[in-house]
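> Can you keep this structure in mind? I'll have questions shortly.
The values are calculated or read from the model by the stated rules, or taken from the named source; none is laboratory data. Treat the numbers as computed from the prediction; the structure is a model and nothing was measured. Cβ coordinates were reconstructed from backbone atoms using ideal geometry, including for glycine residues, and neighbour counts include every protein chain displayed.
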Amino acid sequence: MMQTYHQIARGDTLLAVDHVSLSFGGVKAITDVSFDIRKGEIRAIIGPNGAGKTSMLNVINGFYHPQKGQITFKGLTRSRMRPSVAASQGIARTFQNVALFKGMSTLDNIMAGRTLKMHRNFFWQCLRHGPAMDEEIKHREFVEDIIDFLEIQAIRKVPVGKLPYGLQKRVELGRALAMEPDLLLLDEPMAGMNLEEKEDMSRFIVDVNQQYGTTIALIEHDMGVVMDLSDRVVVLEYGHKLADGTPDDVKANEDVIKAYLGVAH
Amino acid sequence: MQSQEKTFPQLLMRNAALRGDRPALRHKYLGIWQTWTWSDVAEIVRSYAQGLYDRGLRHGDTIAVIGANRPKLYWTMMAAQCLGAIPVPVYADSVAEEMIFVLENAGVKMAAVQDQEQVDKVFSIMDRLPDLQWVLYDWGRGLRDYDEPRLLSIDQLIDGGREHLDRDPQTIKQLDDMILSGRGTEISVILYTSGTTGRSKGVMLSAERCIAAARDSVAFDKLNENDQVLAYLPLAWVGDHYMNYAQGLVAGFCMACPESADTVEQDLREIGPTFYFAPPRVFENLLTRVMIRMEDASGPKRWLFHTFIEIARRYGEKILNGQSVPFSGSLLYALGEILIYGPLKNVLGFTRVRVGYTAGEAIGPELFSFYRSLGINLKQLYGQTEAFLYVTVQPDGEIRADTVGPLAPHVEVKLTESGEVLFKSPGMFVGYFRDAEKTHETMTEDGFVRTGDAGFFEPESGHLKIIDRAKDVGKLTSGALFPPKYVENKLKFFPNIKEAVLFGDGHDYVTCFINIDLTAVGNWAERNNVSYASYQELAGHPDVYAMIADHVEDTNRILSHEPMMAGAQIKRFLILHKELDADDGELTRTQKVRRGFIAERYAPLITALYDGTQEADITTEVIFEDGRKGAISARVKIVECEIFPLATKEKAA
């Protein structure tokens, strides 16, 4: 089964975002936002279009570098880092628009998620037998476990470009899981799905969280889903933090209601 | 020597002793076929039985088995039978309310279920099942945080039993005694009927009768330990219990469990079963898919396919039956085998099939011939849960599409005056569980069982022909025969038509509901630039109507060639706005049409079919997969079709 190392106990802060500001030229995407993600929780980031949610995720996994503020992940503080470093530290993500290798099979796509865990060099990889093969078999077993978990056995060998959107999303989740991440970032995992697909995906997110103990941060527009799934919610608007708390707190927060529903003038 | 074993556990122990190293069970897990030999299975089942015993399962208790075809669920049945307890397989896709009836009626003490979905279902009705003590699960995903004292994993139980057996030699002897003392007259399993005609009933089958029936059919088809089957049909269906479980234990062949319900097609290809059993619906779906894929193929390939299928149609069946064909015919057929039939069978997973059966519903003659013409030895049998399957069966060389064959070995049949078929068979049931009244209704005084099917023996061949359910066969006001299923099967041979429901009993003419096949029609729509957003929209599309009308008229033309059936031509039809669904009670769990219910539910549409209007409104309640309810309303068009005069006159002109 999957092994995540538990240096940090459940409930402690896994990742802290500290007074982060990000701007592109004159456009301020994020202004002085702070929040934390605790080990083992499902944390939702919500907000209207353009609120800076995806930018926030990009900051967390090192794709954007904030001008101000810092990020502490597993006790390590950093202000600049590359996505590859974030990945090797245990942050995995899925994208708003599916970013899979379209021509490759489901299996190969998920295997790609194991790349960082493969240690044999090019020489061994070229041989048909030997340690690289043993390693491959070990990883394959792990990947098959994920395939079983996500119930995508039937599409194991199908090129992902031929799959319907809902299944592609599931494959992408599988690839992220293959990294055995400590923190899983999901950017709108349910965008464009029908009701049934959404229900399936919600189920998988909860199961990943429970079974593997993976901490999850997700961006989602479907409020029903967000309120059901997440332990805590942070609300952004125009790059500012509007509210932070349990789903019930957030639902009752007047600023949030204003931002989402507008107010009578 | 063979007849010593009276129960399935005794057969299991015999197989472990006789062919311990032969594969007994396979299951694809983590992408690899895992294999258990007969001795592995015997060891696991013994441990499991001890585990069940330790948790309080005793002789005569019932245990529900709910889920897909997975090794642990088959082991549950064997382990329970070791103790003299009675397994009760339940259709895994039944919703909680349907399940209540079976679990309540059977008074189950334990339930072995596949996964979280089934666990949730069982716990949701727990308060109505006072006897239920333990819920055992196979697959633990999502169950980790369940705080339920009555929940146990099957692995835990097997390990516990194994440990107990290792620790205490006394228990080994006790378990051996229990297995050896199992009597053949005891109830071995209770199979609930699918309930085509109302509430399902628990059919009690005794061990010795089950085994006697399986021995007959194993000998009949010369099955042995080298055979292989893919067990993919519902556990609760007699077909699976007989073909795979009973025959497997008697003949000692290997049963393979698919990876998941969606992968059956791939698994079939990988396993390459030698013995294959499927209801007509499965063959129909396969054919539909092949035809769709051929439509998408390039021109030359299409030409090749259709040319050789035509050759197969002409000579294939004759060659399979050993009749003589012209030399050019066998030459062309051999070429076709290389170019088309061989590869096609390989894709379908039928390359190694030695014997294939279809049963459960009448199969369209065209469909049946199609598979036989490819060289697949597909045969028909007629049977019932109450018979523990075989009543009639077609021996090699006497295979016909339009009959279900002569009597199976050791079966007696007689017909009542009204044409109802009565039988006495080796595997005959003992009675309905906790329903003496129904048992009494079904069994005649001289020990025959009523089938409820109307049929007759063909005088020249002695083959039985089943027309329809006795109560479904009707008459039009003109006095012409109205056999709904006969016509529906003709319609369903068109890939575009998934389901048809005929009406006409007591009316002036015949009318029909049609369900389009979304895969086939969707594909057609794509190729013809017909855009649609939903099933409902596609079903109501004028072009779709025109296409279906052609199909109906073709069917009428065929019927016009048959003097007995010419009166049953369809005058008016409509395409339903939703798919008929078992969740809405329109089909049984084995996907048979529930006529009476449909007639009631769609009464306004039937009225419209007969009052001459061109359109009708209908609102129906639907139940979604998660149990929520909704309503669909639609305006449905009605189309009129041409009726052909009896063909003999046409020829004269």
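> Just the residues that are within 13 Å of chain B (Cβ to nearest Cβ) and either part of a helix (DSSP H, G or I) or without any contact (Cβ under 8 Å) to a residue 24 or more places away in the chain (or both), please, taken from region A:178-198.
A:Leu195, A:Glu196, A:Glu197, A:Lys198
> If B:Arg281 satisfies all but one of (1) assigned to a helix (DSSP H, G or I); (2) surrounded by 23 or more Cβ atoms within 10 Å (Cβ to Cβ), what's the number of the condition it fails?
(2)
> Would you kindly identify the strands (runs of 3 or more DSSP E) lying entirely within region B:28-100 that contain at least 2 residues that are among the hydroxyl-bearing types (Ser, Thr, Tyr)?
Once the strands (runs of 3 or more DSSP E) in region B:28-100 are filtered for at least 2 residues that are among the hydroxyl-bearing types (Ser, Thr, Tyr), what remains is B:32-37.
> With B:Leu11, B:Leu18, B:Leu30, B:Leu25 as the choices, which residue is within 30 Å of A:Phe142 (Cβ to Cβ) and either more than 14 Å from every other protein chain (Cβ to nearest Cβ) or charged (D, E, K, R) (or both)?
Just a single option satisfies the conditions, and that option is B:Leu25.
> For B:Lys28, state whether it is at pLDDT 95 or above and basic (Lys, Arg).
No; evaluated as a whole, the condition is false for this residue.
> Same structure again: Within region B:571-621, work out how many residues are of a type in the set (Gly, Ala, Ser) and assigned to a helix (DSSP H, G or I).
Final tally of qualifying residues: 5.
> Out of everything in region B:390-414 that is of a type in the set (A, V, I, L, M, F, W, C) and at pLDDT below 90, what residue ends up being surrounded by the most Cβ atoms within 10 Å (Cβ to Cβ)?
Here the residue is B:Val404.
> State all residues of region B:494-536 that are of a type in the set (A, V, I, L, M) and free of Cβ contacts under 8 Å to residues at least 40 places away in the same chain; if no residue qualifies, say none.
Answer for region B:494-536, where residues must be of a type in the set (A, V, I, L, M) and free of Cβ contacts under 8 Å to residues at least 40 places away in the same chain: B:Ala500, B:Val521, B:Ala525, B:Val530, B:Ala533.
> Same structure, new question: Being under 25 Å from B:Phe624 (Cβ atoms), surrounded by fewer than 22 Cβ atoms within 10 Å (Cβ to Cβ) and out of contact with any His (no Cβ under 6 Å at 6 or more places or on another chain) is the requirement here; does B:Asp93 meet it?
Judged against the criteria, B:Asp93 is a match.
> Could you identify the single residue in B:Gly316, B:Gly322 that is crowded, with 17+ Cβ neighbours inside 10 Å, in contact with a Gly (Cβ under 8 Å, 6 or more places away or on another chain) and at pLDDT below 95?
None of the other options fit; the residue is B:Gly316.
> On to the next question. In region B:119-138, which residue that is in contact (Cβ under 8 Å) with a residue 60 or more places away in the chain and under 28 Å from the mean Cα position of the chain (by Cα) is surrounded by the fewest Cβ atoms within 10 Å (Cβ to Cβ)?
Among those that are in contact (Cβ under 8 Å) with a residue 60 or more places away in the chain and under 28 Å from the mean Cα position of the chain (by Cα), it is B:Asp138.
> Give A:Thr77, A:Thr115 a once-over and let me know the one that is of a type in the set (Val, Ile, Thr) and in the same structural domain as A:Asp36 (by TED's automatic domain parsing).
That would be A:Thr77, the only listed residue that is of a type in the set (Val, Ile, Thr) and in the same structural domain as A:Asp36 (by TED's automatic domain parsing).
> Which of the residues spanning region A:148-163 are farther than 17 Å from A:Gly103 by Cβ and away from chain B (no Cβ under 13 Å)?
The answer is none; no residue qualifies.
> Now, a different point. Of the residues A:Arg170, A:Arg175, only one is away from chain B (no Cβ under 14 Å) and not in a loop (DSSP other than H, G, I, E, B); which?
A:Arg175
> Identify, by number, the condition in (1) at pLDDT below 90; (2) within 29 Å of B:His27 (Cα to Cα); (3) more than 14 Å from every other protein chain (Cβ to nearest Cβ) that A:Phe95 doesn't meet.
Among (1) at pLDDT below 90; (2) within 29 Å of B:His27 (Cα to Cα); (3) more than 14 Å from every other protein chain (Cβ to nearest Cβ), the lone unmet condition for A:Phe95 is (2).
> Hey, another quick one. Among the candidates A:Phe123, A:Phe101, single out the residue that is exposed (fewer than 13 other Cβ atoms within 10 Å of the Cβ) and more than 12 Å from every other protein chain (Cβ to nearest Cβ).
When all the criteria are applied, what remains is A:Phe123.
> Only residues that are within 12 Å of chain B (Cβ to nearest Cβ) and crowded, with 22+ Cβ neighbours inside 10 Å: list them for region A:205-220, please.
Of everything in region A:205-220, those that are within 12 Å of chain B (Cβ to nearest Cβ) and crowded, with 22+ Cβ neighbours inside 10 Å turn out to be A:Ile205, A:Val208.
> Is it the case that A:Ser84 is farther than 23 Å from A:Met190 by Cα, polar (S, T, N, Q) and touching a residue at least 60 places away in the same chain (Cβ under 8 Å)?
When the stated conditions are applied, A:Ser84 does not pass them.
> Any idea which of (1) within 14 Å of chain A (Cβ to nearest Cβ); (2) closer than 28 Å to B:Val203 by Cα; (3) modelled with pLDDT of 90 or more is the one B:Leu268 doesn't satisfy?
That leaves (2) as the condition not met.
> Those residues that are in contact (Cβ under 8 Å) with a residue 40 or more places away in the chain and not charged (D, E, K, R), I need them from region B:316-333; list them, please.
Listed by number, the residues that qualify are B:Gly316, B:Ile319, B:Leu320, B:Asn321, B:Gly322.
> Can I ask one more? Somewhere in region B:296-306, is a residue under 27 Å from B:Asp262 (Cβ atoms) and touching a Phe, Trp or Tyr at 6+ places or on another chain (Cβ under 9 Å)?
So far as region B:296-306 goes, yes, one or more of its residues are under 27 Å from B:Asp262 (Cβ atoms) and touching a Phe, Trp or Tyr at 6+ places or on another chain (Cβ under 9 Å).
> Right, another one. When you scan region B:585-600, do you find a residue that is closer than 24 Å to B:Ser478 by Cα and surrounded by 22 or more Cβ atoms within 10 Å (Cβ to Cβ), even just one?
No, region B:585-600 has no match at all.
> With respect to the numbered conditions (1) over 21 Å from the mean Cα position of the chain (by Cα); (2) in contact (Cβ under 8 Å) with a residue 12 or more places away in the chain; (3) more than 30 Å from B:Leu320 (Cβ to Cβ), which one is the sole condition not fulfilled by B:Glu441?
The number of the failed condition is (2).
> How many residues are in a loop (DSSP other than H, G, I, E, B) and either touching a residue at least 40 places away in the same chain (Cβ under 8 Å) or surrounded by 16 or more Cβ atoms within 10 Å (Cβ to Cβ) (or both) when one looks only at region B:444-470?
So the count comes out to 6.
> Step by step: first the residues of region A:129-147, then only those that are at pLDDT 90 or above and surrounded by 15 or more Cβ atoms within 10 Å (Cβ to Cβ), then the one that is farthest from the other protein chains (Cβ to nearest Cβ). Which residue is that?
A:His139
> Within region A:140-167, track down each residue that is under 21 Å from the mean Cα position of the chain (by Cα) and assigned to a helix (DSSP H, G or I).
Once the filter is applied, which keeps residues that are under 21 Å from the mean Cα position of the chain (by Cα) and assigned to a helix (DSSP H, G or I), region A:140-167 yields A:Phe142, A:Val143, A:Glu144, A:Asp145, A:Ile146, A:Ile147, A:Asp148, A:Phe149, A:Val160, A:Tyr165, A:Gly166, A:Leu167.
> Looking at (1) touching a residue at least 40 places away in the same chain (Cβ under 8 Å); (2) of a type outside the set (Phe, Trp, Tyr); (3) farther than 20 Å from A:Glu220 by Cα, which one does A:Ile37 not meet, given that it meets all the others?
(3)
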